[in-house]
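The values are calculated or read from the model by the stated rules, or taken from the named source; none is laboratory data. All values derive from a computational prediction rather than experimental measurement. With ideal geometry, Cβ positions are generated from the backbone for all residues, glycine too; neighbour counts draw on all protein chains shown.
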Amino acid sequence: MKPVFQTDTTFKTGNCGGACVASILEIDLKDIPMLHNPDDPEDGATYCRNLRSFLVRFGLSYIDIAMSEGHDPKEFFKDCWAIAIGKSPRATEPWHKHGVVWRNGKIIHDPHPMGAGLEEIEMYGIFIKMDPSI
């Protein structure tokens, strides 16, 4: 993991997710395409579809695992790179989400220059090898 910081910190067009992906893959942020739809920042399906398409060249896929009442799924993906997604401490709207690099129960890197982390986690995005024998 090589820390990469986001270059756009706005909630509508921000690239914290791209910075997390770049950090995990140890590549330049400029090599990450726009993952979300800035006209509909709550459209998680577009984000996942775009990210999965991008990750194919690395032999990886991506799945979201949502939190449920009284259950934290992080125990099921020990030693996996993930993006923890949740409420930003800078949020002024309920849809203002932020992503941080997560591994083994803790934040490894917050791509926001302030580094304030998350107030609460709503889901994890897990990176999965498409061929587990590799």
Do we have Leu35 as modelled with pLDDT of 90 or more and surrounded by 14 or more Cβ atoms within 10 Å (Cβ to Cβ) here? no
I'm trying to understand the selection: among the residues of the range 1-53, which are in contact with a strand residue (DSSP E or B) (Cβ under 8 Å, 6 or more places away or on another chain), farther than 15 Å from Ser88 by Cβ and not hydrophobic (A, V, I, L, M, F, W, C)? Pro3, Ser23, Gly44, Arg52
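Taking the criterion of being of a type in the set (S, T, N, Q) and either assigned to a strand (DSSP E or B) or under 15 Å from the mean Cα position of the chain (by Cα) (or both), would at least one residue in the range 117-134 satisfy it? If you could, list the steps in order and put the result at the bottom.
Applying the first criterion (of a type in the set (S, T, N, Q)) to the range 117-134 yields 133.
So of that shortlist, the ones also either assigned to a strand (DSSP E or B) or under 15 Å from the mean Cα position of the chain (by Cα) (or both) come out as none.
Scanning the range 117-134, I find no residue that is of a type in the set (S, T, N, Q) and either assigned to a strand (DSSP E or B) or under 15 Å from the mean Cα position of the chain (by Cα) (or both), so the answer is no.
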State the number of residues belonging to the range 5-53 that are more than 15 Å from Lys97 (Cβ to Cβ), in a helix (DSSP H, G or I), without any contact (Cβ under 8 Å) to a residue 40 or more places away in the chain and under 14 Å from the mean Cα position of the chain (by Cα). 6
Using the structure shown, decide if Ser61 is part of a strand (DSSP E or B) and among the polar types (S, T, N, Q). yes
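Kindly check whether there is at least one residue in the range 76-88 that is loosely packed, with under 14 Cβ neighbours inside 10 Å and assigned to a strand (DSSP E or B). Talk me through it step by step, then tell me what you get.
First pass over the range 76-88, keeping only residues loosely packed, with under 14 Cβ neighbours inside 10 Å: 76, 78-79.
Subset that is assigned to a strand (DSSP E or B): none.
No, the range 76-88 contains no residue that is loosely packed, with under 14 Cβ neighbours inside 10 Å and assigned to a strand (DSSP E or B).
For Lys2, indicate whether it is assigned to a helix (DSSP H, G or I) and within 23 Å of Ile128 (Cα to Cα).
no
Taking the conditions exactly as written (modelled with pLDDT of 90 or more, closer than 22 Å to Lys2 by Cα and not hydroxyl-bearing (Ser, Thr, Tyr)), does Asp110 satisfy them or not?
So Asp110 fits the description; yes.
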